[in-house]
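The values are calculated or read from the model by the stated rules, or taken from the named source; none is laboratory data. Computed from a predicted structure; not experimentally measured. FYI the Cβ positions are ideal-geometry reconstructions off the backbone, even for glycines, and counts take in every protein chain you see. To get the accessible areas, we keep the full protein, side chains included, count just its heavy atoms, and leave off ligands, DNA and RNA. Shrake-Rupley method; radii C 1.70, N 1.55, O 1.52, S 1.80 Å.
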Amino acid sequence: MDLIRLERAVIGYRTPLLPPLDLAVRSGTTLGVLGPNGAGKTTLLKSLLGLLPLISGRRVLPMGRPPRVGYVPQRDRLDMSWPLTVLDVVLMGRAHLLGPVKRYSAKDRAAAREALSEIGIGDLADRPVHALSGGQHQKVLIARAIAAEPELLVLDEPTSSMDPAAERMLLDLVERLKNAHRLSIVLVTHQLTAIPGFATEVALVDKDRDLFEVGPAEKMIDPHKLELLYGREVRVAQVGDRTVVVIGGPR
Amino acid sequence: MSGFADFWAGRDLWREPMIAGVLAGAVLGYLGVFVVLKRMVFVSAALSEISGVGVAFAFYLGAVEGIDPHAHGAIPLLLEPTWFSLVFACLAAAVFSLRPGHRKLAPETIVGLGYIIASALVLAILNSPRIAQEAHAVGDILFGNAVVVPRSQIYALAAASLAALAVHLLFFKELVFVSYDPETAVVQGVGVFRYELLLNLATAVVISVGTRAVGALPVFAFTVIPAAAALMITERMRLTIVLSVTFGVVAAAVGYYASWVEQLPTGATMVVVASMFLVPGLVRLLRRNAV
């Protein structure tokens, strides 16, 4: 079943960014949205989530309501000067479940602590957020998204500025959460290495090349398509059970 | 008589201004935590100035209608400067809550434009020949003086403070969420514009009424200094709020007392006392940088 569907959607701020597109987020799948910096990925994501009105076309909600979304924003967009503890931040994920006026209850605090423990950082609950490392901060934001009891987990560039080992650990964590909570996932990234072996469906986006194409990962992780997207030589190889992508010089 | 005995003997003279100062210090100390964390300290200065335009405009309209502002009961309710001041400040707060659609116009540019235009308008209106004779009196009403505060202004400040605190008490979790991470708040269906508007309106009402009661300088200072001082020495939200309110209250009370005993300008003395609370944070900062 689809959670959200865009039909013949023209996205953008007043002027169309991409050709009319069809895109569906299916239940239980992982959709990777891939494109270089400034390709229009965030605009596509905002349109998908209903935060940006479509210029034309339709946004369909087959469940009759929007799915509950757990959102992991880009870490560097958050202000680290706020005097908040890790628990304060994770509790924010519960705000929409409570509605206005009501305060966080003991149940909310327990759910927030449980989300932290599940991510493996339960011991950080009372630590100030500004004292965390980049990787820990990213995990806190994922815990907050899980505390929101989502059906759809959306991650915006979660592995940018991470080394390859940290990137793989984070993606393995998200994969584990997906299976444990039966989540659907949308991962927006400019990092080609994050997609193979993680996404089940891939959308390639680049507004400068007027490019939008979506399909199963095995079809989209294709050297020719990726060379077109990045303007560089790309090799795709199978190492054990992993698909590996190597980017070379200009085409 | 000693300084304190002399001060105590004159309590009938300072009771109202002291209450007004302490009340302003407390509520602005609280609101200032949000103002400083949201990096919008000049919103306070701009709102003061814009509410001043409302006051000046009310006097100008009164002069056009031939109303003597000093005659008791002469000002019709609709031309009451307080209303104009509140309406202007609230309109500005609504504008400041909008997210500029233009990439080149950052929110602080809009606040700066508001401040500059309001300053020019106040000057232009006050120097208009129609109200030139009233300019000094209007200036006092505009920017307060913290020395003499009519009881009506204390009631107005108390009402504004209660309204602002009620908003924060009811919607604290939403106000923190939309201020800290508006992007995620939007995605999770928490109405960012609605809560930012509420936050800015609550701040605008207190600043507008507070400026008339204790003056523009102390209001700006109470909105920035106690919160900045508290943020430099603690890493917990609730403790930040408690410390900031305490610093605001103590700065107002001690500042008023010092200005009485040493015969110094009241508003400026309150600001100097408030600045003392920055010292522990600055020492901490110096130590950290020395390592």
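Quick notes on this one:
- Conditions (1) assigned to a helix (DSSP H, G or I); (2) over 23 Å from A:P19 (Cβ atoms); number of the one not met by A:L228: (2)
A quick yes/no check of all residues on (1) modelled with pLDDT under 95; (2) within 26 Å of B:R11 (Cβ to Cβ); (3) open to solvent by less than 10 Å² (accessible area, probe 1.4 Å):
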{"residue": "B:Q188", "(1), (2), (3)": "yes, no, no"}
{"residue": "B:T203", "(1), (2), (3)": "no, no, yes"}
{"residue": "B:I225", "(1), (2), (3)": "no, no, no"}
{"residue": "B:L243", "(1), (2), (3)": "no, no, no"}
{"residue": "B:T246", "(1), (2), (3)": "no, yes, no"}
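- For the range A:89-101, the set of residues classified as within 7 Å of chain B (Cβ to nearest Cβ) and open to solvent by less than 50 Å² (accessible area, probe 1.4 Å) consists of A:M92, A:A95, listed by residue number.
- Tally of residues being under 21 Å from B:V190 (Cα atoms), among the charged types (D, E, K, R) and either over 15 Å from the mean Cα position of the chain (by Cα) or away from chain B (no Cβ under 14 Å) (or both) across the range A:18-73: 2
- As for the range B:206-222, it holds at least one residue that is more than 14 Å from chain A (Cβ to nearest Cβ) and touching a Cys at 6+ places or on another chain (Cβ under 9 Å).
- Answer residue from the range B:31-42, given it is within 14 Å of chain A (Cβ to nearest Cβ) and not aliphatic (A, V, I, L, M) and is most open to solvent (accessible area, probe 1.4 Å) among those: B:R39
- Residue match in the range B:181-200 (condition: under 12 Å from B:V35 (Cα atoms), assigned to a helix (DSSP H, G or I), touching a residue at least 60 places away in the same chain (Cβ under 8 Å) and touching a Cys at 6+ places or on another chain (Cβ under 7 Å)): no
- The lone exception for A:R113 - which of (1) more than 30 Å from A:G231 (Cα to Cα); (2) out of contact with any Gly (no Cβ under 7 Å at 6 or more places or on another chain) it fails: (2)
- Yes/no for A:L152 being touching a residue at least 12 places away in the same chain (Cβ under 8 Å), open to solvent by less than 50 Å² (accessible area, probe 1.4 Å), in contact with a Lys or Arg (Cβ under 9 Å, 6 or more places away or on another chain) and more than 30 Å from A:A39 (Cα to Cα): no
- Taking residues in the range B:223-234 that are farther than 11 Å from B:G32 by Cα, and partners anywhere that are of a type in the set (S, T, N, Q) and not in a loop (DSSP other than H, G, I, E, B), the pairs with Cβ atoms closer than 7 Å and at least 6 places apart or on different chains are B:T234/B:T240.
- Going through (1) closer than 30 Å to A:G93 by Cβ; (2) within 14 Å of chain A (Cβ to nearest Cβ) one by one, B:A229 falls short only on (1).
- Within the range B:105-129, the residues that satisfy the criterion of being in contact (Cβ under 8 Å) with a residue 40 or more places away in the chain and either under 22 Å from B:G62 (Cα atoms) or not in a helix (DSSP H, G or I) (or both) are B:A118, B:S119, B:L121, B:V122, B:I125, B:L126, B:S128.
- Scanning the range A:4-17 for residues that are away from chain B (no Cβ under 14 Å) and either open to solvent by less than 30 Å² (accessible area, probe 1.4 Å) or in a loop (DSSP other than H, G, I, E, B) (or both) yields A:L6, A:A9, A:V10, A:I11, A:P16, A:L17.
- The range A:51-88, subset of a type in the set (S, T, N, Q) and assigned to a loop (DSSP other than H, G, I, E, B), residue surrounded by the most Cβ atoms within 10 Å (Cβ to Cβ): A:Q74
- Count - residues of the range A:206-243 that are acidic (D, E) and touching a Leu at 6+ places or on another chain (Cβ under 8 Å): 3
- The set of residues in the range B:79-93 being under 15 Å from the mean Cα position of the chain (by Cα) and either free of Cβ contacts under 8 Å to residues at least 24 places away in the same chain or buried (at least 24 other Cβ atoms within 10 Å of the Cβ) (or both) consists of B:S85, B:F88, B:A89, B:A92, B:A93.
- B:L169 vs. criteria open to solvent by 60 Å² or more (accessible area, probe 1.4 Å), assigned to a helix (DSSP H, G or I), modelled with pLDDT of 85 or more and within 14 Å of chain A (Cβ to nearest Cβ): yes
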